[in-house]
Amino acid sequence: MATTLNVRNPRAHALAQELAARRKTGITEAVIQALEHALERERATIPLAHRLAAIADRSLAKAGPNPRPVTEADRDTLWTR
């Protein structure tokens, strides 16, 4: 059984009409394509915490087995170049 989607928002209707016109398709097909595309992007998004953890892991791997702690002098040289 199909469920009806009824959006009563003038801006949403105008956007759907514009997209349909640009793609030379009907409004329903334009909305379906836009929603599929948005869901694809959402599903492909990696959460920020996971991206940061990967960066930290790569940094630790580059540091080697016994990394030397960064001193205040080391930090100062980064800002005075």
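Overview of results
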{"read-out": "Hits in the range 71-81 - residues which are modelled with pLDDT of 85 or more and in a loop (DSSP other than H, G, I, E, B)", "value": "THR71"}
{"read-out": "Residue among LEU60, LEU35 that alone is at pLDDT 95 or above and outside any loop (DSSP other than H, G, I, E, B)", "value": "LEU35"}
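The values are calculated or read from the model by the stated rules, or taken from the named source; none is laboratory data. Quick caveat: nothing in here was measured; it's all calculated off a predicted structure.
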